[in-house]
Amino acid sequence: MAEQKGWKDIPIGGTIVEAGSAREYKTGDWRVLRPVYDRSKCIDCMMCWFYCPDLAIIQEDAVMKGIDYYYCKGCGICASVCPKSAIEMKPETDFAEEG
Amino acid sequence: MMEKVAQMIAITGAQAVAHAMRQIEPDVVAAYPITPQTPIVEYFAKFVADGVVRTEMIPVESEHSAMSAVVGAVAAGARAMTATSANGLALMHEIVYIAASTRLPVVMPVVNRALSGPINIHCDHSDTMAERDSGWIQFYVEDAQEAYDLTILSVRLAEHEHVRLPVMVNQDGFIISHGVEPVSLLPDDVVKKFVGELKPIYPLLDTEHPVTYGPLDLYDYYFEHKRQQIEAMKNVKKVFPEIAQEFFKISGRKYSFVEPYKLDDAEHVMVALGSTNGTVKYTVDKMREKGRKVGLLKIWMFRPFPKDEIQRYLTGRKSVVVLDRSASFGAEAPLYEAVKSSLYESASRPLLSSFVYGLGGRDITTENIEEAFEKSISGELVTDHEYYLGLRE
């Protein structure tokens, strides 16, 4: 999140005056459970990519590359739909020291 | 329709506002009928049907939709208006707040009517008082002429770059809206020149510069946006006299936050909103013939509340009677509360008393007003005891 501005320095009425600003909105810090991905089990079926509601599955040329934790809210849909159980949901507290 | 001179005609308050709207010629009017507002939109719809104005008229299915359509139109970059009364205003309530907080300069004539229940169609101020903290500027007018004038003036006030707030122009149901009075209409071209063109800020139709209206605004910025609204209301205090002066130049009629009537040597003063001010003026004249030093402070603008003017005109008086045409159940009546708190810092506070009157359209007579004045003069009234005029015990 960008540095927060005072009331004199923002557009009136809560209007957002530029397009595409949702891209800057970090939703990753809503996450309670973190999807952890095991490349060795993955068959690149792209089910997680199809189902992810936050476009947080990173793929290149239909090859699974990982999860974008800046946006991932930890809903667990990817882990639920994965036919190979290649994604495991782990408590964020397990990663507390990583930040 | 290009008369060059002011025209004096006998019309109702509703017609006066419809003529103001005809001359403003907003891009969009979205409205739903409700007594006693209906004739405003009815007369205006005829102007649309006859091709007198090019306004896009949207007959919506409810007042909630009327205000929503107006919000959408103004966000798009259009000048848009609606009008309502009582339960219609209550149904709009959610969007009334959104219009103000989204900083959309809507002008809405409101014809005051008692809120249900029990259901009633006649005048009191309970409907607009329920919106007093909605972030709208509020005027209360004494007669049809003021309804016409302040509707036109409000377009400039609402759209001023340092204000950008919606305005309610409130006229008393039936008493003003359906009563026929002589009203002086300005020439069409004079009004058109006075209101000018709307200068939209962030119009949605400017597709070269896409913007988002009404996004989620949480604990990180909502507070800052409220502070902006507070500042815009403060700016009204500076901007309104400038626009009123310009309006005086085209009309010869002076508007301010308040109108003092025979106050120079008045020891006992009444404070009121709306059409009752006319009755008080008549009573003041009659009582002065008998040597009573009485006067009136009419409140034109209720939001933002003219605290400085209240202090200037009421400090040092012997007694002040505040008339309210609505009650605040379990608390002081709205105008009384505002006047009382404005006088907190006054060095010489008058004996202050509160009268509630006229609920549900109950008539207020000159005898009622004289009775309130005489009680106030005799010193028998107790501050903070709420009295009632015209109520059967």
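Taken together, the values in this text are just the output of simple stated rules run on the coordinates, not laboratory data. What you are looking at is a predicted structure, and each value in this text was computed from that prediction instead of being measured. Using ideal geometry, Cβ is built from the backbone for each residue, glycine included, and neighbour counts are taken over all protein chains shown.
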Of B:20-29, B:303-312, ordering from highest average Cβ density within 10 Å down gives B:20-29, B:303-312
Highest mean packing first, using Cβ neighbours within 10 angstrom, the peptides A:14-21, B:289-296, A:90-97 sort as B:289-296, A:14-21, A:90-97
To the nearest 20 debye, the protein assembly as shown has a Cα-centred charge dipole, built from +1 on Lys and Arg Cβ and -1 on Asp and Glu Cβ, of 840 debye
Taking the alpha-carbon centre of each part, the distance from the stretch B:310-329 to the stretch B:175-197 in Å is 31 Å
Diffing the stretch A:22-38: the Karplus 3J(HN,Hα) column from phi (6.51, -1.76, 1.60, θ = phi - 60°), in whole Hz with x for Gly and Pro, holds 4, 4, 7, 7, 7, 9, x, 7, 7, 5, 9, 10, 9, x, 10, 9, 10
For the stretch B:258-389, averaging the sequence separation of alpha carbon pairs under 8 Å that lie six or more residues apart and dividing by its residue count, the contact order in percent is 27 percent
Per its Cα gyration tensor (rounded if a/c is under 1.5, else prolate when a/b beats b/c, else oblate), the stretch B:258-389 is best filed as rounded
Along the dipole axis of the stretch A:26-98 (charges at Cβ: +1 for Lys and Arg, -1 for Asp and Glu; origin at the Cα centre), the most positive-end residue among A:Pro53, A:Gly66, A:Phe95 is A:Pro53
Per-residue ellipticity at 222 nm attributable to helices in chain A (runs of n ≥ 4 DSSP H, -39500 (n - 2.57) apiece, nearest 500 deg cm²/dmol) works out to -2000 deg cm²/dmol
Note: B:277-284 gets an average of partner chain Cβ contacts (10 Å, Cβ to Cβ) equal to 0
note: chain B, Cα-Cα separations exceeding 42 Å make up a percent value of 11 percent
Net charge near A:Asp44 (other residues with Cβ under 12 Å of its Cβ; Lys, Arg +1; Asp, Glu -1) is +2
Relative contact order in percent for chain B (Cα pairs under 8 Å, 6+ apart) equals 16 percent
In the neighbourhood of B:Arg303 defined by beta carbon distances under 13 Å, the net charge of the other residues (Lys, Arg +1; Asp, Glu -1) is +2
Output row, site A:Glu92, 7 Å Cα→C-beta label point, backbone N cut-off 18 Å, window the stretch A:51-70, residues A:53-57, A:67-70
Here the residues of the stretch A:24-38 lying in the modelled label zone of A:Tyr69, meaning backbone nitrogen under 11 Å from a point 7 Å along Cα-to-Cβ, are A:29, A:34-37
Averaged over residues of B:215-226, the number of beta carbons from other chains lying within 10 Å of each residue's Cβ is 3
Once normalised by the length of the stretch A:26-98, the mean sequence separation of its alpha carbon contacts under 8 Å that are 6 or more apart gives a contact order in percent of 45 percent
Net charge (Lys, Arg +1; Asp, Glu -1) of residues whose beta-carbon lies under 13 Å from that of B:Ala347, B:Ala347 excluded, is +2
At R0 = 41 Å the Cβ-Cβ FRET efficiency linking B:Lys226 and B:Lys318, nearest 0.05, sits at 0.55
Yeah, the protein assembly as shown with a ≥ b ≥ c from its alpha-carbon gyration tensor (a/c under 1.5 is rounded, else prolate when a/b outruns b/c, oblate otherwise) is prolate
Counting other chain Cβ atoms within 10 Å of each Cβ in A:12-25 and taking the mean gives 6
Along the dipole axis of chain B (charges at Cβ: +1 for Lys and Arg, -1 for Asp and Glu; origin at the Cα centre), the most positive-end residue among B:Val29, B:Met287, B:Ala333 is B:Met287
Counting only DSSP beta bridges with both partners in chain B, the antiparallel fraction in percent, to the nearest 5, comes to 25 percent
Descending packing, highest mean Cβ count within 10 Å first, for B:255-267, B:69-81, A:40-52, B:141-153 is B:141-153, B:69-81, B:255-267, A:40-52
Within the protein assembly as shown, the cysteines whose Cβ lies no closer than 4.7 Å to any other cysteine Cβ are A:Cys42, A:Cys45, A:Cys52, A:Cys72, A:Cys75, A:Cys82, B:Cys123
A student applying the Cα gyration tensor rule (rounded when a/c is under 1.5; otherwise prolate if a/b is larger than b/c, oblate if not) would label the stretch B:175-269 oblate
Of the residues B:Thr38, B:Ala372, B:Asn170, the Cα lying farthest along the dipole of chain B towards its positive end, which is defined by charges on the beta carbon of Lys, Arg, Asp and Glu, belongs to B:Ala372
In debye to the nearest 20, the charge dipole size for the stretch B:258-389, taken about the Cα centre with +1 at each Lys and Arg Cβ and -1 at each Asp and Glu Cβ, equals 240 debye
